[in-house]
Amino acid sequence: MKFENKTEPVDRHGKWYRDACAAAFAMELVGERWTIPIVRELMLGGRRFSDIRASLPGISARVLTERLARLQDLGIVLRVDRNDPVPHRLYLLTDWGRGLEAVMAEMGRWAVRSPLHDPTLPLTPVALMLSLRAMFRPARARDLRVDAGIVIGDTRMRAHIADGELAVAYAAPDDPPADVIFAAPTSLDLLKVFYGKAPPGAEGVAVEVRGDAGLARRFVDCVEIPPKCPVPPAAAT
């Protein structure tokens, strides 16, 4: 049987590897510098250009413009114009683009096991919330139902555990009162509680917990990073 050759031009598929492997092709689609962080920042909803750039202080306006244009051409991102309450432009992920969350979560669970991973580097609020979903342990939440407010500086998020699943989103004005609230100046402060299991308010832990203390402990127990991978003896010396 002879297969019909429907290969796109080199600049569409094969520009890096000339390889039909879909995993290699995925790197051609989203492997350029800054692409994954941009996609990540859109994962919880549409954002303005200025908001994306503010979340990624190392990126230039030119590079962000180029990456967003490329993601639109690929069908991963949509650009929409809104008029409420004032005219503005939003960038949103398409349905196909949102499918990258599962890919990025699996990559994160794999990469965090590396001894080279540095958890003290800056982490955006969106990155923290997606991290909680990636590191969520459903078996520990089978009988748990909790609405948690997560306040990171001026950014307000919500996390909802029910039926063994964790959903995360930006907080909305009409959200019901949260069962428990975790508040901290930065995402890194919350990492000390969620993954380091440090008691809130302990020395060096700038995290305040309000609400049901028991539910707060259960929530924290439901997220955990996997252990580091073994270091070969030759690499450890």
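Throughout, read-outs are computed from the coordinates displayed, never taken from laboratory work. Note that the structure is a prediction, hence the values are computed from the model and not measured. Ideal geometry is used to build each Cβ from the backbone, glycine not excepted, and the neighbour counts take in all protein chains shown.
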Check your understanding: Any idea how far apart D163 and R48 come out in nm if each label point goes 7 Å out from Cα toward Cβ?
Key -> 3.6 nm
Study note, to complete from the structure: Candidates D95, D118, D189; GNM for the chain (alpha-carbon contacts under 10 Å) flags as most fluctuating D118
Revision key, fill the gap. At the level of C-alpha centres, the distance separating the stretch 97-155 and the stretch 183-198, in angstrom, is 12 Å
Point to revise | In nm, spacing of pseudo-spin labels at L92 and V205 (7 Å Cα→C-beta vector) | key: 4.0 nm
Check your understanding: With each run of n ≥ 4 DSSP H residues scored as -39500 (n - 2.57), what mean residue ellipticity at 222 nm is computed for the chain after dividing by its residue count and rounding to the nearest 500 deg cm²/dmol?
Key -> -9500 deg cm²/dmol
Practice item. Obtain the radius of gyration and the Kirkwood radius of the stretch 22-103 from its C-alpha atoms and give Rg over Rh. Key: 0.96
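Assuming R0 = 41 Å, what is the FRET efficiency of L188 and D84, from their Cβ-Cβ distance, to the nearest 0.05? Mind showing how you got there, number by number?
Numbers: r = 34 Å, r/R0 = 0.84.
The pair L188/D84 has a calculated efficiency of 0.75.
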Revision key, fill the gap. Ranked on Cβ counts within 10 Å of their own Cβ, fewest leading, S131, S55 go S55, S131
Exercise for review: Mind pulling the per residue volume of the convex hull built on the Cα atoms of the stretch 117-221? Å³ is fine.
Suggested key: 97 Å³
Check your understanding: How many times 2.2 N^0.38 Å is the alpha carbon radius of gyration of the stretch 1-142?
Key -> 1.21
Revision key, fill the gap. Most fluctuating of P138, P115, P125 in the GNM of the chain (C-alpha, under 10 Å) is P115
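Could you order peptides 167-175, 86-94 by the average number of other Cβ atoms within 10 Å of their residues, highest first?
Working: 167-175: 11.9, 86-94: 13.9.
Descending packing order for the listed peptides: 86-94, 167-175.
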Check your understanding: Kirkwood hydrodynamic radius of the chain from all distinct Cα pairs, in Å?
Key -> 20.0 Å
Review point. Computed FRET efficiency, Cβ-Cβ of R142 and A102, R0 35 Å: what is it to the nearest 0.05?
Key: 0.95
**Study point:** For the stretch 18-35, Karplus couplings with θ = phi - 60° (6.51, -1.76, 1.60), whole Hz, Gly/Pro x
**Key:** 6, 9, 6, 4, 5, 5, 5, 5, 4, 5, 5, 6, 10, x, 5, 4, 6, 5
Exercise for review: Place the peptides 38-47, 63-72 in order of packing, highest mean first, counting for every residue the other Cβ atoms within 10 Å and averaging per peptide.
Suggested key: 38-47, 63-72
Study note, to complete from the structure: Note, the stretch 159-175: 3J(HN,Hα) by Karplus (6.51, -1.76, 1.60, θ = phi - 60°), whole Hz, Gly/Pro = x, goes 10, 10, 10, 7, 6, x, 10, 10, 10, 10, 6, 5, 5, 10, x, 9, 4
Check your understanding: For the stretch 14-66, how big is the tail of P(r) above 16 Å, as a whole percent of Cα pairs?
Key -> 47 percent
